[in-house]
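> Below you will find the structure I want to go over with you.
FYI, it's all coordinate maths here, none of it is from the lab. Source: prediction; values computed, not measured. Cβ placement follows ideal geometry from the backbone for every residue including glycine, while neighbour counts extend to all protein chains displayed.
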Amino acid sequence: MKKSKKLLKFTLDDGEGERIILSGIAEYYDPEELVGKNIAYVANLAPRKMMGIESCGMILSAESGDGLKVVTIDDSILPGGSLV
């Protein structure tokens, strides 16, 4: 996001179409690092408008000794697969 130092804008394939999620992880990742990765996200949250864009979910991440890590999923799981 050009006007934000914290937010990254994700356009995800959720198995049924595209989903936009804004996440405050810009200080930990360059956007190019996550292109093509299978990432875990929470979909059943109410949409939230930030900086004029509706965010429809939350990227899952975890703190580690060297910063924040996005939770990634094996490539064998297709877009839209559910964690159980």
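> Along its principal axes, what span do the Cα atoms of the chain show, with the longest given first and each in whole Å?
Principal-axis extents of the Cα atoms in the chain, largest first: 34, 32, 21 Å.
> Magnitude of the Cβ-charge dipole of the chain, K/R +1 and D/E -1, about the Cα centre, nearest 20 debye?
Numbers: 10 positive and 13 negative charges, 113 e Å.
So the magnitude is around 540 debye.
> Just need the relative contact order of segment 8-70 here, percent rounded to a whole number, with Cα pairs under 8 Å and 6+ apart.
Details: 85 pairs, mean separation 18.3, N = 63.
Relative contact order, segment 8-70: 29 percent.
> Cα to Cα, under 17 Å, and not fewer than 8 places away if on the same chain: which aspartates and glutamates meet these conditions relative to LYS5?
GLU27, ASP30, GLU32, GLU33
> Kindly state, as a whole number, the per residue volume in cubic angstrom of the convex hull around the alpha carbon atoms of segment 41-84. Numbers along the way, then the final one.
Numbers: hull volume 5.1 nm³, N = 44.
Cα convex hull per residue, to the nearest whole number: 116 Å³.
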